[in-house]
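Q: The structure follows.
The values are calculated or read from the model by the stated rules, or taken from the named source; none is laboratory data. Predicted, not measured: the structure shown is a model, and the values here were computed from it. Because the Cβ atoms are built from the backbone with ideal geometry, glycine has one as well, and the counts that use them run over all protein chains shown.
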Amino acid sequence: MSNRLVARRYAKALADIAQQEGTLTAVQQELASVSALVRSNPDLARLAFYPLIPPAQKAKAFEAVLTSMGASATVRRFFQVVASAARLNLIHDLSTTFDEFVDERTGVVEARVQSAVAMTAPQTQALAEALGRRTGKTIRLQWRQEASILGGVKVQIGSTVYDASIQGQLRLLKAKLLSV
């Protein structure tokens, strides 16, 4: 079974618990903090990823770290289960997957936006609002400058692409001219 699939099962269970407790975003922030701490601390990364340390020792050491950083009881219990099951190496996947569950449950969708030039804050806000009205969800924009589209914007939400770029319009015009 792939690591991503295993992480998905654990993250879903935690998301269910956090939603019942009403602490979904707080737990999300805690998971992000724990993941960032493991990334920034080589000793903690060794603890999480080194396979020869027995799971019980990992669980005990990780519990001490979480307690010292003031983690909630839910997060401490979650990592107790994860460490005891020898799955602490999935910590970054757990955080990423949990973020996806939080977005899904709170109605947030990521839109990948490409434009030829940088967008101003009012343009970005107007685009997010228009996409939000169209999808019925809250939009989080991920912008990338792409000079090849010449002008306009190209937006991808999931598998749906909205192409309002000059490049796209030229492609359509070319197809019409060739089909005549």
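Q: Looking at region 167-176, is at least one residue surrounded by 15 or more Cβ atoms within 10 Å (Cβ to Cβ) and either in a strand (DSSP E or B) or aliphatic (A, V, I, L, M) (or both)?
A: Checked region 167-176: no residue is surrounded by 15 or more Cβ atoms within 10 Å (Cβ to Cβ) and either in a strand (DSSP E or B) or aliphatic (A, V, I, L, M) (or both).
Q: Return the pair list, or none, for Cβ contacts closer than 7 Å from residues in region 129-147 that are without any contact (Cβ under 8 Å) to a residue 24 or more places away in the chain to residues that are surrounded by 15 or more Cβ atoms within 10 Å (Cβ to Cβ), at least 6 apart or on different chains.
A: Correct list of pairs: 132/139.
Q: Specify which of the listed residues (152, 132) is touching a helix residue (DSSP H, G or I) at 6+ places or on another chain (Cβ under 8 Å), outside the structural domain of residue 33 (by TED's automatic domain parsing) and either surrounded by 15 or more Cβ atoms within 10 Å (Cβ to Cβ) or among the aromatic types (Phe, Trp, Tyr) (or both).
A: 152
Q: If we keep just the residues of region 1-30 that are under 17 Å from the mean Cα position of the chain (by Cα) and within 17 Å of residue 49 (Cα to Cα), which is surrounded by the fewest Cβ atoms within 10 Å (Cβ to Cβ)?
A: 4
Q: Another question, if that's okay. Do the conditions hold for residue 68, that is, is it without any contact (Cβ under 8 Å) to a residue 40 or more places away in the chain and loosely packed, with under 14 Cβ neighbours inside 10 Å?
A: Spelling it out, residue 68 is indeed without any contact (Cβ under 8 Å) to a residue 40 or more places away in the chain and loosely packed, with under 14 Cβ neighbours inside 10 Å.
Q: Let me ask something else. Does any residue of region 84-91 turn out to be over 20 Å from residue 106 (Cβ atoms), polar (S, T, N, Q) and in a helix (DSSP H, G or I)?
A: Yes: one or more hits.
Q: How many residues are surrounded by fewer than 19 Cβ atoms within 10 Å (Cβ to Cβ), β-branched (Val, Ile, Thr) and part of a strand (DSSP E or B) when one looks only at region 92-124?
A: The number of residues fulfilling the criteria is 2.
Q: Additional query: Could you say whether any residue in region 125-134 is part of a helix (DSSP H, G or I), modelled with pLDDT of 90 or more and over 30 Å from residue 19 (Cα atoms)?
A: Taking every residue of region 125-134 in turn, at least one turns out to be part of a helix (DSSP H, G or I), modelled with pLDDT of 90 or more and over 30 Å from residue 19 (Cα atoms).
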